[in-house]
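Where a number appears in this text, it was derived from the coordinates with a stated rule and is not lab data. Given the structure is predicted, the values throughout are model-derived calculations rather than measurements. All Cβ positions, even for glycine, are placed from backbone atoms using ideal geometry, and neighbour counts span all protein chains on display.
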Amino acid sequence: MDTSRAKVLDDKRTGFNIILNFLGGEHTIYSYRGANEYLYDVDFDLDYLNGAKVVYLSSIDYRTFRKFVDMSRSKNLRTKMAMAPGHRVLSIGYKKLMEDLNLLDILFMNRREFSIFTGAKPTVTNIKEFLGCFEGCAVVTLGGDGAVALEFGKFSKVDAFKVKVEDPTGAGDGFSAGFIHAYIKGMDLHDRLFLGSAVSALQIQKKGAR
């Protein structure tokens, strides 16, 4: 793992999360972003990022989202872009964000974020309606109901693995990691969903985010 581009601020506190897990597999996360709020465009080394096959961003703020959208629009960032924007960005809404989100190669959101983003329930019909015009690959994870994806008009769905949920923390990023790995390997849409679901299932069977 290369951490040479990690930014250190001596006068800022490291961010942290307080995670409350409930019976039934649900959880609530309270976040203090700390030094994470001080990531600016000058911190992005484009030459370094362009050496990657995929750049993945998760749970970012709107300023960081805009910077990456602008870089993609100007063609300065040549690598594939995958993003799980999180509710802070998606709460801005479908009408205002969809044009910018269409610059991504892969968009991830969970069912709660889909509802925040669109104002609609995360049914298969609604997902097809709202994300069918997405120009890249749009993925919605549905917890125990599996995951769905749309890519170039093709729709695919997989069921969730039936495992005992010990701790759901990290399930979304685990899913994204498996999906992106399969994407880099050139697997088809269904197999990407399957591998993402498998990694997520492994993640939730043990306590902790790793």
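Once you've got the Cα coordinates, tell me which of K185/K206; K96/K162; K7/K53; K157/K206; K75/K154; K80/K162 are over 29 Å apart. Long pairs (Cα-Cα over 29 Å): K96/K162; K80/K162. Of all aspartates and glutamates in the structure, the ones whose alpha carbon falls short of 17 Å from that of K95, not counting any fewer than 8 places away in one chain, are E113, E129, E135. With R₀ set to 25 Å, the beta-carbon distance separating I18 from K121 gives a calculated FRET efficiency near 0.30. Grab the other residues whose beta carbon is less than 11 angstrom from that of N102, score K and R as +1, D and E as -1, and report the net. That sum, taken over residues with Cβ under 11 Å, equals -3.
Each peptide in 150-160, 77-87 receives the mean, over its residues, of other Cβ atoms within 10 Å, and ordering these scores from highest gives 77-87, 150-160.
Sparsely packed loop sites in the stretch 4-44 (the chymotrypsin sites (Phe, Trp or Tyr not before Pro) outside DSSP H, G, I, E and B with at most 15 other Cβ atoms within 10 Å) comprise F22, Y40.
How much length, in nm to one decimal, is gained on full extension between K206 and A6, taken as 0.36 nm per residue of separation minus their Cα-Cα distance?
Extending this stretch completely gives an extra 69.2 nm.
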